[in-house]
Amino acid sequence: MSLLQEAKNWVEVRPQGVFIKPLNAYIDPVRPVERALITHGHADHARAGHGTVIATPQTLDIMALRYGAAFAEHRIPLPYGERFDENQVTVSTASAGHVLGSAQLIIEYQGTRLVAAGDYKRSYDPTLAPFEVVPCDIFITEATFGLPVFHHPDPVEEVAKLMRMRALFPERSCFIGAYALGKAQRVMMLLRQAGYDDPIYIHGALQKLCDYYQSQDIDLGVLLPATAGQRGVSNPELRGKIIMGPPSALGGTWAHRLPDPIISFASGWMQVKARAKQRGVECPLIISDHADWPDLLQTIEDVNPRETWITHGSEEALLHELNKRGRVARALSLLGYESESEE
Ligand SMILES: [Zn+2]
Ligand SMILES: [Zn+2]
């Protein structure tokens, strides 16, 4: 009997998300529900309007920053390593290594352990605790980069590539597009570790989350608000400087108002050359907050579940590969998680 059958008295796959019956709670529900267990603060996983939200304190803070303090009626903070018990179910959290506060949800009921990893990665991120391997019966994994072509290089080497390009063109400014939650701060830390001590100029869309990371003792160095330029005249002070902003600023005129900008974008999708070209990216940085293909497979080996359930991304390829390796796996075919928008 499959674990989905065996566990059906306490876990169900519904259109809103994976449902834990004795808790009356959904994992990362895509619609407002009475009770939600949230893995992390990205918008496709953490939505506003739930009755009660159970999440790490940092994820709760991030939701309040994004949606306002009234994002849910009640909140239950669950720091890493602590437990929440109700109706014979125990919930705890462990780092997913994805963004600040991101958690794998460890849910135990009558001797069966389910781990919902949310989004996760194994590669180096100086802003976070690394992914923690939690052995379990049912492992719910994402598959954003679930195709054999995806091998993400060392992020330190990617940043070194950018620094070499800047050295070649010291007069040009450098604009790096990066998602506001997680990626931007990770790139900032990598730049600091590569020896970049000057202020980093930031687009207003990054301000709140950068302030939040700094308040959590993640030292991003001096960040100053960036004024790209006015009336078609670029701001000369930004010559030779690094400026960061959200990916949306790549498409508009904002980044192009900077003085002779080197346009860069930090994303796992930058491995796809056509995408870099399409977005006018001169210096693509292949830096991803998701596991690449080898890391997805390695993680499933490490966790060694009896069954793997695959949520979003390239489910079919991962399912096929796991079956080939003699592992029991199923695609949950849940809709509403956009791997595209966040990476
Ligand atoms: Zn995410
Ligand atoms: Zn996701």
Of the residues in region 78-104, those that are more than 15 Å from Ala7 (Cβ to Cβ), touching a residue at least 40 places away in the same chain (Cβ under 8 Å) and either among the β-branched types (Val, Ile, Thr) or within 16 Å of ligand 2 (Cβ to nearest atom) (or both) come to Val91, Ala96, His98, Val99, Leu100, Gly101, Ser102, Ala103, Gln104
Over region 318-330, the set of residues buried (at least 18 other Cβ atoms within 10 Å of the Cβ) and under 16 Å from Phe145 (Cα atoms) is Leu318, Leu319, Glu321, Leu322
Region 195-278: strands (runs of 3 or more DSSP E) wholly inside it with 3 or more residues that are surrounded by 18 or more Cβ atoms within 10 Å (Cβ to Cβ) are 200-202, 242-245, 262-266
Among strands (runs of 3 or more DSSP E) entirely within region 1-51, at least 2 residues that are in contact with a His (Cβ under 8 Å, 6 or more places away or on another chain) and of a type outside the set (Ser, Thr, Tyr) occur in 35-37
Going through (1) more than 17 Å from the chain's Cα centre (by Cα); (2) among the small types (Gly, Ala, Ser); (3) over 23 Å from Gln5 (Cα atoms) one by one, Ala129 fails only at (1)
Picked from region 331-343 (must be farther than 18 Å from Pro29 by Cβ and either within 15 Å of ligand 2 (Cβ to nearest atom) or at pLDDT 95 or above (or both)), the residue nearest to the chain's Cα centre (by Cα) is Glu343
Within region 134-160, of all residues that are surrounded by fewer than 16 Cβ atoms within 10 Å (Cβ to Cβ) and touching a residue at least 12 places away in the same chain (Cβ under 8 Å), the one farthest from ligand 2 (Cβ to nearest atom) is Ala160
Condition set in contact with a Lys or Arg (Cβ under 7 Å, 6 or more places away or on another chain) and acidic (Asp, Glu), scope region 268-306, selection nearest to Ser2 (Cα to Cα): answer is Asp295
Restricting region 103-138 to residues that are within 16 Å of ligand 1 (Cβ to nearest atom) and not in a loop (DSSP other than H, G, I, E, B), the one farthest from Asp211 (Cα to Cα) turns out to be Ala116
Checked Gly326, Gly268, Gly313 against criteria (at positive phi and out of contact with any strand residue (DSSP E or B) (no Cβ under 8 Å at 6 or more places or on another chain)); the one match is Gly326
Ile310 vs (1) in a helix (DSSP H, G or I); (2) within 16 Å of ligand 1 (Cβ to nearest atom): all pass except (1)
Exactly one of Lys208, Lys273, Lys183 is farther than 20 Å from Ala43 by Cβ and of a type in the set (D, E, K, R), and that residue is Lys273
Pairing a residue in region 319-338 that is touching a residue at least 60 places away in the same chain (Cβ under 8 Å) with any residue that is assigned to a loop (DSSP other than H, G, I, E, B) and of a type in the set (Asp, Glu), where Cβ atoms lie under 8 Å and the two sit 6 or more apart in sequence or on different chains, gives Gly336/Asp44; Tyr337/Asp28; Tyr337/Asp44; Glu338/Asp44
Screening Thr90, Thr141 for residues that are under 15 Å from the mean Cα position of the chain (by Cα) and not in a loop (DSSP other than H, G, I, E, B) leaves only Thr141
Across region 13-30, the tally of residues that are modelled with pLDDT of 95 or more and not aliphatic (A, V, I, L, M) stands at 7
Discussion item. Scan region 27-40 and tell me whether some residue there is on the phi > 0 side of the Ramachandran plot and either surrounded by fewer than 16 Cβ atoms within 10 Å (Cβ to Cβ) or of a type in the set (D, E, K, R) (or both).
Written reply: yes
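The values are calculated or read from the model by the stated rules, or taken from the named source; none is laboratory data. Everything quoted here is computed from the prediction, not taken from an experiment. Cβ sites come from the backbone with ideal geometry, for glycine too, and all protein chains shown count toward neighbours.
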